[in-house]
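Every number here is computed from the coordinates shown, using simple stated rules; none is lab data. Everything numeric here is computed off the predicted structure, so don't read it as measured data. Backbone-built Cβ (ideal geometry, glycine too); neighbour counts: all protein chains shown.
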DNA sequence: CTCCGGTGCTACGATAATCGAAGCATACTG
DNA sequence: CAGTATGCTTCGATTATCGTAGCACCGGAG
């Protein structure tokens, strides 16, 4: 899975996750990721744009059609993660 | 998502992925990840065991029930990743 | 025009994560 | 005993990430 290479880097999935709603500006995205370094954010955005998962538009950075598809697969993952977190220290 | 913290570390998802089939020994797992450092592998295994996603048994390291649940969510992800990879350089 | 606040992004030294190879301790086999 | 396999540790080198500062640009206000 080449996808795991891309996603298995710090902040990558987090960035996708933060873009699940409205488009965000560079600085907005940085704030949403609670202070991630701009150098890394820029690097991730470049990778994600090259992978056609994110695109830069008028309103800022947003998920592409592919990106939205991918994120929709995160939905079940998120629901599962909540149960799992509860069962861990619950 | 606390899960993203765990998965957003190098090799974490790869390790889970390589354990999708039979249990693997430490060195087998290292080889399956094509030469990942044993120090990091050991660290990841510790994290995954603490997260109750992987457990060490007789036959080596294997997914726990939770781990198998999580990996089953990777199935659609994998199918999607193949289409996506094809559409990228296809 | 200048100034101000916003933008996307870069530079760079400091810190943390990862690598790669070697080796240790143990157990089993012959 | 030697040989082979195991899980795992150590340590110096390399790479990734951090954190802060700052650049270049743009639009609006004065």
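Summed over segment B:74-90, the residues that are crowded, with 18+ Cβ neighbours inside 10 Å and facing chain A (nearest Cβ under 7 Å) give a count of 3. Applying the set (1) in contact with a helix residue (DSSP H, G or I) (Cβ under 9 Å, 6 or more places away or on another chain); (2) without any contact (Cβ under 8 Å) to a residue 40 or more places away in the chain; (3) buried (at least 17 other Cβ atoms within 10 Å of the Cβ); (4) more than 9 Å from chain A (Cβ to nearest Cβ) to residue B:23 leaves exactly one unmet item: (1).
Residues that are surrounded by 12 or more Cβ atoms within 10 Å (Cβ to Cβ) and within 14 Å of chain A (Cβ to nearest Cβ) were ranked within segment B:26-40; the one that is farthest from DNA strand C (Cβ to nearest atom) is B:32. Taken over segment A:56-90, residues that are without any contact (Cβ under 8 Å) to a residue 12 or more places away in the chain and more than 26 Å from residue B:64 (Cβ to Cβ) amount to 6.
Every listed requirement among (1) buried (at least 19 other Cβ atoms within 10 Å of the Cβ); (2) more than 12 Å from DNA strand D (Cβ to nearest atom) is met by residue B:65 save one, (1).
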